[in-house]
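Asks: Below is one structure. I have some questions about it.
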Amino acid sequence: MASNVTNNPSVAMDTAGRGLKKHKMSTFTVVFMIFSLVAAGCYGIEDMIPEAGPGLTLILLIILPFVWGLPFGLVAAELGSARPQEGGYYKWVQEALGEFWGFQAGWWRTISIYIDNTLYVVLAGGYLAGILHMGWGAEFAFKLAMILVFMYINIRGVRDVGIVTNILSVFVIAAFAMVAVVGFMNWGGNPFDPVTAYPIEAGSDWFFYIGAGLSIGMWMYSGYESMSTIAGELEDPQVISRATIISVPIIMATYIIPTLAALAAFKGAGEEFSFLNWGSDAGEGVIGYATLPEHFVAPALGLFFGVVAIIAQCSIFNTYIASGSRGFFALADDNLAPPFMVKVDKKHGVPYVAVVSVAVVNIALCMIDFSILVVVDVFLLVSSYILVYISAMKLRKTIPPEDYKFKTPGGYRFLCVICVMPICIAFFSFLVNGTDYFIGGMIGIITGPILYAIWRAMYGGLSRKDSVSNPPNPKTRLASGDMKRMSFLFLILGLVGIGGSFFLPWYESDWVSSLVEEDGMSYAEAFAENYDMTVFGSQEAMWMGIRIATVVVLVLAAVFYLMWKKIDSDQTVTSS
């Protein structure tokens, strides 16, 4: 991937010139902010347990920190120590791989935050509606109030965001500590039994159960990079690197210990507490972390835990408004997004238009069917992570050693290992989440190069800042070499599409075959009942759509490459 940006930090934005206000924040405060960005409790694992099985859930929660969460925590700490600037991971990718790939990372992760953030509003409203038996109107009024309150807090600055997050996080940690204590005091059996939700019948069953747990587990251990986007607003941005390392074991303990204790306690509590009844939705017979203190200690604790669940969603929502809004601010500051996104409130030194944009999107999305949007979220997040891992390996070779205040232990080879390993997991996750997720994610990915081409032509990109280091192509109005980069991106999408075309029919059809043997239905009946209609249409139609789309993107890869050879190759400036 050729870079069209010099490896010079001078290309970074002058945040002071934009009017952003610097804040003094302690390591303690930043630890809680990262805790909220990544975890804010175990909420989400409830759906992982019946899908993957209790044993596999615990195994994934124990393994994923070392192959997914910790590697990204180390990479984020390392790059944050060397390049602590507003925009964070977006600027890291930009410096390593160039303007085009930097935009893809910034856009994919930012838009995934905008989508994902709405989920926390929906969950908080759902929890409160379940407690107070609210109607649709009252529930929406709460959602609207929640969005507006935390929008106001964010406009006051990251210091106030940190103070509120500290208070909310203390409640969340205390609640899950209570779950762990109650669970261990009422130990009822082996929490790892059974390993999978159902017996393994077919070769693809392992893929299915791992995939069911992996998608949620990766989401649970993601977000370590999010704090990096506001580094330009901290007096001592190195505090983010220190806090990241401290937060990793805290988050691991928050996930693993309460889940282990709860599963063990429920083993001896009766059939109504089966692992198959775990879930995050409110409903009769559905159990979760709140059920444990409610059953073993006092029913009133169930209400307390319901309140804590709302607090946890508020904590995540509050912190992600700050992170997501800075992503758009950074893109706009580089002339790669609408310029009004860089407007800063003079009193508080906050990019208030970007903050308000998060609130507006959240208000709109919390009123519509969220199912289609959810399938895009994790795919976009993981894709941006791949670019950050690649950037970490390249920047270790190009950034002067003295710029690093923290380096991942073990040398360059170990850094490569902890970067390549999660990249492989990321590509695996693209396939095992199912056809819906695959198609939704691919659609989300394609928005990146489309919007880059539009906004780069409209606003000028980095060429407006430094046309010498970032020479434009007058014919395409893009940066020199962008046609080749687009060709490479479409080639990668085509190769992933080929993999999906072969893997997904085998993966999902083979799993349905095991249901045929159990239920005595024909293959067609079982397939129709379980997989006929999905978010994007019938299963067989979606597989055909993937094959057609794969051919289209491969043709586009060839077209963009030929265009690069014809009108762009003689002007391309590259750097290794």
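Where a number appears in this text, it was derived from the coordinates with a stated rule and is not lab data. Given the structure is predicted, the values throughout are model-derived calculations rather than measurements. Cβ atoms come from the backbone with ideal geometry, glycine included; neighbour counts cover every protein chain shown.
Asks: Show me, for the stretch 298-308, the HN-Hα J-couplings you get by feeding each phi into the Karplus relation (A = 6.51, B = -1.76, C = 1.60, θ = phi - 60°), rounded to Hz, glycine and proline as x.
Replies: Here the 3J(HN,Hα) series is 7, x, 5, 5, x, 5, 4, 5, x, 5, 5 Hz.
Asks: Quick one: check the C-alpha center-to-center distance for the stretch 295-343 versus the stretch 163-184, whole angstrom.
Replies: A separation of 18 Å, based on Cα centres.
Asks: How much length is gained if the chain between Ser469 and Lys397 is pulled fully straight, taking 0.36 nm per residue apart and subtracting their Cα-Cα distance, in nm to one decimal?
Replies: 23.9 nm
Asks: Provide the FRET efficiency to the nearest 0.05 for the Glu540-Leu276 pair, computing r from the beta carbons and using R0 = 35 Å.
Replies: Using R0 = 35 Å, I get an efficiency of 0.75.
Asks: Mind scanning Lys475/Lys566; Lys24/Lys407; Lys24/Lys347; Lys24/Lys143; Lys91/Lys465; Lys91/Lys405 and naming the pairs with a C-alpha gap bigger than 22 Å?
Replies: Distance filter (> 22 Å) returns Lys24/Lys407; Lys24/Lys143.
Asks: Shifting gears a bit: Please compute the alpha carbon radius of gyration of the stretch 9-433, then divide it by the globular-protein estimate 2.2 N^0.38 Å. Two decimals is fine.
Replies: Cα-based Rg divided by the globular estimate yields 0.96.
Asks: Kirkwood Rh, Cα Rg: Rg to Rh for the stretch 94-196?
Replies: Reported Rg/Rh, Kirkwood definition of Rh: 1.12.
Asks: Quick one: net charge of Leu292's neighbours, Cβ under 15 Å, K/R +1, D/E -1?
Replies: Net local charge, Leu292 excluded: -2.
Asks: Continuing with the same structure: Going by how many other beta carbons lie within 10 Å of each one, how would you line up Arg396, Arg242, fewest first?
Replies: Arg242, Arg396
Asks: Here is a further query. Based on the Cβ-Cβ distance of Phe427 and Ile548, what FRET efficiency does E = 1/(1 + (r/R0)^6) give at R0 = 30 Å, to the nearest 0.05?
Replies: 0.85
Asks: Which whole-Hz ³J(HN,Hα) couplings does the stretch 401-412 yield from phi under the Karplus relation 6.51 cos²θ - 1.76 cosθ + 1.60, θ = phi - 60°, glycine and proline marked x?
Replies: Once θ is set to phi - 60°, the couplings for the stretch 401-412 become x, 5, 6, 7, 8, 8, 10, 4, x, x, x, 5 Hz.
Asks: Once amide H atoms are placed 1.01 Å from N in the peptide plane, what residues at a sequence separation of 5 or more from Trp278, or on another chain, have their amide H within under 5 Å of its amide H?
Replies: Here Ile287 satisfy the definition.
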